[in-house]
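Presented below is the structure to which this report refers.
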Amino acid sequence: MAEPRREPVRFPRAYGGQFRTIAGVLEVTVPLDRPLDLGLTLRPLRQGRGDPSIRIAPNDVWRATATAAGAASVHLRTVGTALVATAWGPGAALALDAVPALVGEADDEAGLQPRHLVVAELVRRLRGLRMPRTGAVLQALVPTVLGQKVTAGEAARSYAALVLALGRPAPGPAGRAGLMVPPDAARLSGVPSYLFHRWGVERRRAETIVRACRVATHLEAVAVLPREEATTRLQAVAGVGPWTAAKVSQTALGDADAVCTGDFHLPNQVAWGLAGEARGDDARMLELLEPYRGHRARVQALLVAGGVQAPRFGPRHRTRSIAGI
């Protein structure tokens, strides 16, 4: 049976698609019927602590994004058993419409049966962790490509430099405080390779980003495609492989089973967390995660959020700036 197409998640009918307007600012309050930890849920969207497009506190998040109607900045905060979302900018209404999916209101944990004590403990301890779904494919793809074959720190620095150079101030008070909207496809598609080099990005990753931006409309459509079709379309872009497609699927599509293979750390993390083995490879990781099929990415997310780390051996890798070469 074919997998159903993904449909946009909207506010319940009780809201009637209407938002309160307070001094020209849109706001909506959403009752929560289960725990939500905003910080843990949205942390995968942040590209290092210096990411200029998002600021995360445990129960208070500011995020800048681009929508079909224009730029928007969104302030999310939990107040008791409710989520209050406020938005500024021409894309404010669309940004608020996307909030339920963004905070994992459609994330379904049904069927997750812990087979390991560590998973059971993490499920209990991290009850507010959900799989977010931004629906913004390119916004997820660009930093993911920047993270190919480099350390997380290098990727974060490159992304921050790119956003600061090509982005624009977020609408509302967040923009005045330095929050930036990431550059859109039209802006990125014309960036020459020497500029990417200044941001520590070599030609291969730069060309992958430019190619993706030139087919951005085609890629954004994967948000409503079945999983296999979405993955195939993402990987049709030269330079986008299984690791990149899975990372994008996790955050842009909210795919709780998009397990990342080809990662430097995750196989060791999974092997240590689930089997007490200091080192593992993709085959071993997939074997250990198989009982969680349907929730394999969720288990990976639990291990990461729970701070499960395999033992380190040998000296730390010393990074070198591409910009200085």
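Coordinate-derived values only; no laboratory data. The shown structure was predicted, so the numbers you read here are calculated from the model rather than taken from an experiment. When we count neighbours, we look across all protein chains shown, and the Cβ atoms used for this are built from the backbone with ideal geometry, even at glycine.
Taking the Kirkwood radius as Rh and the Cα radius of gyration as Rg, the range 266-305 has a ratio of Rg/Rh equal to 0.92.
So for Tyr292, Tyr194, fewest C-beta neighbours within 10 Å to most, what's the order? Kindly include the intermediate steps, with their values, before the conclusion.
Values: Tyr292 24, Tyr194 9.
Exposure proxy ranking, most exposed first: Tyr194, Tyr292.
With all projection directions averaged, the alpha carbon convex hull of the range 20-109 covers 6.1 nm². Potential lengthening of the chain between Ala275 and Arg115 amounts to 56.5 nm, from the contour at 0.36 nm per residue minus the alpha-carbon distance. Which whole-angstrom value gives the distance between the alpha carbon centres of the range 102-122 and the range 234-264? Here the two parts' Cα centres lie 20 Å apart.
Annotation: average projected area of the chain is 17.2 square nanometres, based on the convex hull of Cα atoms across all directions. Computed over every Cα-Cα pair of the range 137-240 and binned at 5 Å starting from 0, the pair-distance distribution P(r) comes out as 2, 13, 22, 23, 18, 13, 7, 2, 0 percent.
Label positions at His218 and Ala165, each projected 7 Å from the Cα along the C-beta direction, are separated by 2.7 nm.
At 0.36 nm per residue, minus the direct Cα-Cα distance, what do Arg187 and Arg124 gain on full extension? Give it in nm, one decimal, please. Provide the component values of the computation, followed by the final result.
On the way: separation 63, 0.36 × 63 = 22.68 nm, distance 4.39 nm.
Here the segment from Arg187 to Arg124 would lengthen by 18.3 nm.
Using the Kirkwood radius built from alpha carbon pairs, what does the Stokes-Einstein equation give as D for the range 125-189 at 25 °C and 0.890 mPa s, in µm² per second? Walk me through the numbers before you get to the answer.
Values: Rh = 13.6 Å.
Taking Rh from Cα pairs, D becomes 181 µm²/s.
Where only DSSP H runs of four or more residues are counted, the chain gives -10500 deg cm²/dmol as its mean residue ellipticity at 222 nm, each run worth -39500 (n - 2.57). Working from Cα pairs under 8 Å separated by at least six residues, relative contact order for the chain is 18 percent.
May I ask you to derive the FRET efficiency for Ala82 and Arg176 from their Cβ-Cβ distance with R0 = 30 Å, giving the value to the nearest 0.05? Calculated value: 0.65.
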